[in-house]
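*Asks:* Following this message is one structure expressed as structure tokens.
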Amino acid sequence: TTGGVAYCWGWNSAGMRGDGTTTSRASPVAVSGGLTFTQIDAGYVHTCALTSSGVAHCWGMNRDGALGDASTVDRLSPAVVSGGLRFTQLTAGAMHTCGLTSGGLAYCWGYNDSGQVGDGSTLNRLSPTGVGGGLAFVQLTAGAEHTCGLTSGGIAYCWGWNVDGRLGDGTTTSRASPVAVSGGLTFASLTAGGNHTCGLTPVGQVYC
């Protein structure tokens, strides 16, 4: 809401609605805990939100560490992401999550079978782990099993699963750390779908 109160509705088998239950709802129900948020993003089976002070909270399924609280315990209400980091943006993939700090550093956590966490490995991460490559970003967007980031110069980088070309690097090779999107284009924003990615150029052209 405009006052920062989060409401969720729909499927709730793992607590991704955050009201302390696993009951699915057909209308909005307030997230428990009395917190207020400035941003919220929903993954497939988890949800994450950011407070005005930059503290990340997540809830829902945590089998592979998508909640980032250093455990694999599902949470039915908001749990603080571990590590003490402050973020300016969060993005939730299917079963992984990424956050962007005020300095432009990207951190990801959760399911990492195809390198979507971006730390050069395919190991699941239970708490925020720095994305490799030493890059600074102004925006992050997470798809089902891939992640993309945009630099201040408008250069797009992606990492993770790539068997269908969603990383845009001209190959179908999955990447465990950021790789530049091919074509020499610059973008103003990016958005990752489940299995594809699109970018908007500064003059309003869309590429996917």
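*Asks:* Of these, G84, G34, which one is under 18 Å from the mean Cα position of the chain (by Cα), surrounded by fewer than 15 Cβ atoms within 10 Å (Cβ to Cβ) and over 23 Å from S114 (Cα atoms)?
*Replies:* G84
*Asks:* Being at pLDDT 95 or above and more than 12 Å from T97 (Cα to Cα) narrows it down to one of A136, A142, so name that one.
*Replies:* After applying the criteria, what remains is A136.
*Asks:* Would you call L185 touching a strand residue (DSSP E or B) at 6+ places or on another chain (Cβ under 9 Å), more than 24 Å from G120 (Cβ to Cβ) and either among the acidic types (D, E) or surrounded by 14 or more Cβ atoms within 10 Å (Cβ to Cβ) (or both)?
*Replies:* So L185 passes the test.
*Asks:* For segment 113-162, name all the residues that are part of a strand (DSSP E or B) and free of Cβ contacts under 8 Å to residues at least 24 places away in the same chain.
*Replies:* The answer is T129, and nothing else.
*Asks:* Taking segment 6-18 as the search range and keeping residues that are in contact with a strand residue (DSSP E or B) (Cβ under 6 Å, 6 or more places away or on another chain) and open to solvent by 20 Å² or more (accessible area, probe 1.4 Å), which one is nearest to I40 (Cα to Cα)?
*Replies:* The residue in question is Y7.
*Asks:* Same structure, new question: Would you please list the contacts, defined by Cβ atoms under 8 Å and residues six or more apart or on different chains, that run from a residue in segment 60-86 that is without any contact (Cβ under 8 Å) to a residue 12 or more places away in the chain to a residue that is assigned to a loop (DSSP other than H, G, I, E, B) and open to solvent by less than 30 Å² (accessible area, probe 1.4 Å)?
*Replies:* Listed by first residue and then by second, the contacts come to V73/N62.
*Asks:* Additional query: Could you look through segment 52-81, keep only residues that are part of a strand (DSSP E or B) and open to solvent by 20 Å² or more (accessible area, probe 1.4 Å), and pick out the one that is farthest from V31 (Cα to Cα)?
*Replies:* The qualifying residue farthest from V31 (Cα to Cα) is V80.
*Asks:* Residue under question is A30, and the condition is that it be under 25 Å from C108 (Cβ atoms), at pLDDT 95 or above and either of a type in the set (A, V, I, L, M, F, W, C) or in contact with a helix residue (DSSP H, G or I) (Cβ under 9 Å, 6 or more places away or on another chain) (or both); does it hold?
*Replies:* No; evaluated as a whole, the condition is false for this residue.
Results for (1) at negative phi; (2) out of contact with any His (no Cβ under 7 Å at 6 or more places or on another chain); (3) small (G, A, S), shown as yes or no for each residue.
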| position | (1), (2), (3) |
| --- | --- |
| A66 | yes, no, yes |
| Y107 | yes, yes, no |
| Y111 | yes, no, no |
| G115 | no, yes, yes |
| L123 | yes, yes, no |
| L126 | yes, yes, no |
| A142 | yes, no, yes |
| T147 | yes, yes, no |
| L150 | yes, yes, no |
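*Asks:* Kindly provide the set of residues from segment 126-175 that are over 27 Å from V73 (Cα atoms), open to solvent by less than 40 Å² (accessible area, probe 1.4 Å) and of a type in the set (V, I, T), ordered by number.
*Replies:* Listed by number, the list holds a single entry, T151.
The values are calculated or read from the model by the stated rules, or taken from the named source; none is laboratory data. These numbers come from a predicted model, not from an experiment. Glycine gets a Cβ as well: all are built from the backbone with ideal geometry, and neighbour counts include every protein chain shown. When the accessible area is computed, the model is the full protein with side chains, heavy atoms only, and any ligands, DNA or RNA have been set aside. Shrake-Rupley method; radii C 1.70, N 1.55, O 1.52, S 1.80 Å.
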